[in-house]
Amino acid sequence: NRVRSIALIHQNLYQFENLSSIELKRFVNDLCRQIESVYKKQNKITMNINVPVLYLDIDSAVPLGLIMNELLSNSFKYAFNARAAGKINLEIHVVEEGKYELHYSDNGPGLPHDFDLSSATTLGMQLIHDLSRQIGGKVKYEHKNGATFIINFTNRNLRKQED
């Protein structure tokens, strides 16, 4: 799935002949459909995706795509096993020019109440933590009727200005 996520980004780059940025709304919708098709479950899973039409540089899109891949894969693999129906919410908001916020949640059982993302030992959680830092952000986990992740991040231009 990680490789497929990166391949999807490259497909978007070449398909629309723009080698420096991808249209985020289209990419996120494609990524969600791709991961959903891999983890077809018998129970109904509703996905609410709210992403604005905006172009994101490739240096931000690849790590962001991998983060979303991990979050979606974890939800499909672990969150809905005992539920008749599942729900995933994925939203990206523009905070200000070059600054964004990803809100991701599912209505599964969530992670243990004492879970600490910064000391997580699984590869997926380490990737989420490290890739969030790579795109100039940080990730916050909350246990609210399931798992909720809030990730603030910046685009490449803003990260260059801050360096």
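The values are calculated or read from the model by the stated rules, or taken from the named source; none is laboratory data. As the structure is a computational prediction, the values presented were derived from the model and not from experiment. With ideal geometry, Cβ positions are generated from the backbone for all residues, glycine too; neighbour counts draw on all protein chains shown.
If you take the residues in segment 95-146 that are touching a Phe, Trp or Tyr at 6+ places or on another chain (Cβ under 9 Å) and charged (D, E, K, R), which one is nearest to residue 79 (Cα to Cα)?
Taking the candidates together, the pick is 106.
Among (1) farther than 21 Å from residue 45 by Cα; (2) without any contact (Cβ under 8 Å) to a residue 40 or more places away in the chain, which single condition is residue 128 missing?
The single condition residue 128 does not satisfy is (2).
Which of the residues that make up segment 25-39 are more than 16 Å from residue 71 (Cα to Cα) and either more than 19 Å from the chain's Cα centre (by Cα) or modelled with pLDDT of 90 or more (or both)?
Passing the criteria: only 25.
Which strands (runs of 3 or more DSSP E) sit wholly inside segment 53-152 and have at least 1 residues that are at pLDDT below 95 and either small (Gly, Ala, Ser) or surrounded by fewer than 16 Cβ atoms within 10 Å (Cβ to Cβ) (or both)?
The strands (runs of 3 or more DSSP E) meeting that bar are 55-57, 85-96, 138-143.
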